[in-house]
Amino acid sequence: MNLKTNMLLIEDDKNTCSFIITALAKCGYHVIPAYSGEEGLRLAASDCPDVILLDLGLPDVDGCEVLKSLRCRNHTPIIVISARTTEYDKVQALDLGADDYITKPFSLAELMARIRACLRHKYTCSPGRFYHALGLNIDLESGTVSLDGEIVHLTHVEYQLLSLLAEHSGCILSYQYIMNAIWGPYTDDNNQILRVNMANLRHKIERNPARPQYLFTEVGIGYRMRENESTDISPE
């Protein structure tokens, strides 16, 4: 990753902005600050950032409305950074299209890890791409899955679930987002069918389903897949 990776930071608290800008600059990122939702939407359209960091508590418009507007316009990775800590807030933001959610206060190490995960996903999300981690290989073009060199046979739904998580590896996908993506927007709210398919999938690809290496449960929110290791993207 070169030194011109641009981050758009939509945050009204100037102390928080200053901290994040200084920290990310030391790591080789260029940060564009926006102190309101309207300014953030304008800069997102004009500056084409690589990643957007979004606070939900903005002075002019609720951050969730900004999130919806951003997601309607482009597919830029969006990391929500918010003091809102309830399960409802996290699920809502993820369902509206956020790629990740960090609660305040947060550590710089955590923020950097989440940014790297989003960038890895962004730059590996293209036709002919592969997922690889700890012996698990997924060819997302041919639909082939192998573990330690052995082909893994999946049902159609199991493969849909695995490929969806692989395409968003490192990011949390809410239960509802997954249900809508695989079974459609009018599916029953009961996610029992999702849990059953996830259990079956874990038995096929996890060496020890009780201690998963690939498919992680984010309790009360959804699922997250281990980050793709096929491409290493980080600032020089």
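First compute the accessible area of region 75-186 with a 1.4 Å probe, then give the percent of it belonging to carbon and sulfur atoms. Walk me through the numbers before you get to the answer.
Working: 2740 of 5010 Å².
About 55 percent, which is the carbon plus sulfur part of the accessible surface.
With label points built 7 Å along Cα→Cβ from the Cα atoms of residue 83 and residue 204, find their separation and express it in nm.
Computed distance between label sites residue 83 and residue 204 equals 4.6 nm.
With springs connecting C-alpha atoms under 10 Å apart, model the chain as a Gaussian network and identify which of 120, 71, 195 has the largest mean-square fluctuation.
195
Work through the residues other than residue 154 whose Cβ is under 15 Å from its Cβ and net out their charges, Lys, Arg +1 and Asp, Glu -1.
Working: positive: 202, 204; negative: 139, 150, 158, 206.
Summing Lys and Arg as +1 and Asp and Glu as -1 gives -2.
So how tilted is helix 108-124 from the main axis of the chain? Cα-based, degrees 0 to 90, rounded to 10.
In the chain, helix 108-124 runs at an angle near 60 degrees to the longest axis.
Keeping every protein chain present and rolling a 1.4 Å probe, give me the accessible area per residue for region 1-110 in Å².
On the way: 5000 Å² over 110 residues.
I get 45 Å² per residue for this part.
Tally Lys/Arg at +1 and Asp/Glu at -1 over every other residue whose Cβ is under 9 Å from the Cβ of residue 114; what's the total? Walk me through the numbers before you get to the answer.
Values: positive: 116; negative: 99, 100, 110.
Spelling it out: positives minus negatives among the neighbours equals -2.
Dipole of region 1-55, Cα-centred, from +1 at each Lys and Arg C-beta and -1 at each Asp and Glu C-beta, to the nearest 20 debye? Provide the component values of the computation, followed by the final result.
Working: 4 positive and 8 negative charges, 61 e Å.
Magnitude of the dipole: close to 300 debye.
With a cut-off of 8 Å between alpha carbons and a minimum separation of six or more residues, what is the relative contact order of the chain in percent? Please list the in-between numbers first.
Values: 387 pairs, mean separation 40.6, N = 236.
17 percent.
Based on the alpha-carbon gyration tensor of region 25-122 and its eigenvalue square roots a ≥ b ≥ c, which shape applies: rounded if a/c is under 1.5, prolate if not and a/b is larger than b/c, or oblate?
Values: a/c = 1.35, a/b = 1.05, b/c = 1.29.
In terms of gyration-tensor shape, rounded.
Might you report the magnitude of the Cβ-based charge dipole of the chain about its Cα centre, with Lys and Arg at +1 and Asp and Glu at -1, to the nearest 20 debye? Before the final figure, lay out the partial values.
Numbers: 22 positive and 31 negative charges, 80 e Å.
Dipole magnitude for the chain comes out near 380 debye.
For residue 139 and residue 26 in one chain, what is 0.36 nm times their gap in residues minus the Cα-Cα distance, to one decimal in nm?
On the way: separation 113, 0.36 × 113 = 40.68 nm, distance 3.59 nm.
Roughly 37.1 nm would be gained on extension.
The values are calculated or read from the model by the stated rules, or taken from the named source; none is laboratory data. In this text, all values refer to a predicted model and were calculated from it rather than measured experimentally. A quick note on method: Cβ atoms are made from the backbone with ideal geometry, for glycine too, and the neighbour counts reach across all protein chains shown. Remember, those area values only see protein heavy atoms, side chains included, never the ligands or the DNA or RNA. Shrake-Rupley method; radii C 1.70, N 1.55, O 1.52, S 1.80 Å.
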